[in-house]
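*Asks:* Let me give you the structure first, and then I'll get to my questions.
Any read-out appearing in this document is the output of simple, stated calculations on the displayed coordinates, not a laboratory observation. Computed from a predicted structure; not experimentally measured. Using ideal geometry, Cβ is built from the backbone for each residue, glycine included, and neighbour counts are taken over all protein chains shown.
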Amino acid sequence: MDDAEYEPKSKGTEPLKHIVASIRHAKQPAVRLFVTEYYERLERHKRRKQEIRNEIAREQRAAKRAAPAQRIEAEGRERLKALKLAVRNRRGDKLLEQLVCREEELAEFWVAMKLAALETYPRAPTDAEVGALFESRRDKPCNKNQARARRKLVAALEQHRWVWLKFVAPGLSPISLPRDPDRAGRC
């Protein structure tokens, strides 16, 4: 054999997995044992990586389930800022004049409404449930009648173009929708 024909490969130029694949069908027991242990180690490593991926995905799904409450709290803070700004610059608006010093209460009630809707998801929460949640969050008494009055104030604020209208999604307004589906034809 000519020296020009034979050029030995330097160590480390070929990845280990290629070397192992080339000696996979060797006849020597020691080489076969090395190859089987290599593939077992590779499989254990793959399983462990998959377990880690599954755990990360599980944590992300749990975080998404917890996220709505955090988003509601953040939007509540934004609504409070907007309401304070609107009340400060009320310029003769009778509704906003009546809400002086009640901004935090109404923003907190909006948060309680959304959190109650989250807890009672398939159905809408009653005014009594929203009032109880508001009372537990604010240490201020709130029966179902007071909750209904606050709910109507929140609806009026959501329709007010200078206050919370920017937070409401475009489309049908809640006022234009019938509250009772049985009375939908009569409205």
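*Asks:* Could you name the lysines in cross-link range of Lys166, using Cα to Cα under 30 Å and dropping any fewer than eight places away on the same chain?
*Replies:* Partners found: Lys64, Lys81, Lys84, Lys94, Lys114, Lys140, Lys144, Lys152.
*Asks:* Which trypsin sites (Lys or Arg not before Pro) does the stretch 97-156 hold that lie in a coil by DSSP with at most 15 other beta carbons within 10 Å?
*Replies:* On the way: sites: Arg102, Lys114, Arg123, Arg137, Arg138, Lys144, Arg148, Arg150, Arg151, Lys152; in loops: Arg102, Arg123.
Taking the stretch 97-156 and a limit of 15 other Cβ atoms within 10 Å, the loop trypsin sites (Lys or Arg not before Pro) found are Arg102, Arg123.
*Asks:* Sticking with this structure for a sec: How far, in nm, would the chain grow between Arg123 and Lys84 when pulled straight, counting 0.36 nm per residue and subtracting the alpha carbon separation? Write out the running numbers ahead of the final one.
*Replies:* On the way: separation 39, 0.36 × 39 = 14.04 nm, distance 3.17 nm.
Length difference between fully extended and current span is 10.9 nm.
*Asks:* Between Ala57 and Ser136, 0.36 nm times their residue separation minus their Cα-Cα distance comes to what? It would help to have the intermediate numbers written out before the result.
*Replies:* Working: separation 79, 0.36 × 79 = 28.44 nm, distance 3.39 nm.
Computed gain between Ala57 and Ser136 is 25.1 nm.
*Asks:* Run the reach check for Lys27 against lysines, Cα to Cα strictly under 22 Å, same-chain hits fewer than 8 apart removed. What comes back?
*Replies:* The reachable lysines, counting only those whose Cα sits under 22 Å from Lys27, are Lys17.
*Asks:* Quickly rank 158-170, 71-83, 49-61 as a protection proxy: mean count of other C-beta atoms within 10 Å, highest first.
*Replies:* Result, highest mean Cβ count within 10 Å first: 71-83, 158-170, 49-61.
*Asks:* With the radius of gyration and the Kirkwood radius both derived from the Cα set of the stretch 68-168, what is their ratio Rg to Rh? Before the final figure, lay out each step's value.
*Replies:* Details: Rg = 13.2 Å, Rh = 13.7 Å.
Computed over Cα atoms, the ratio is 0.96.
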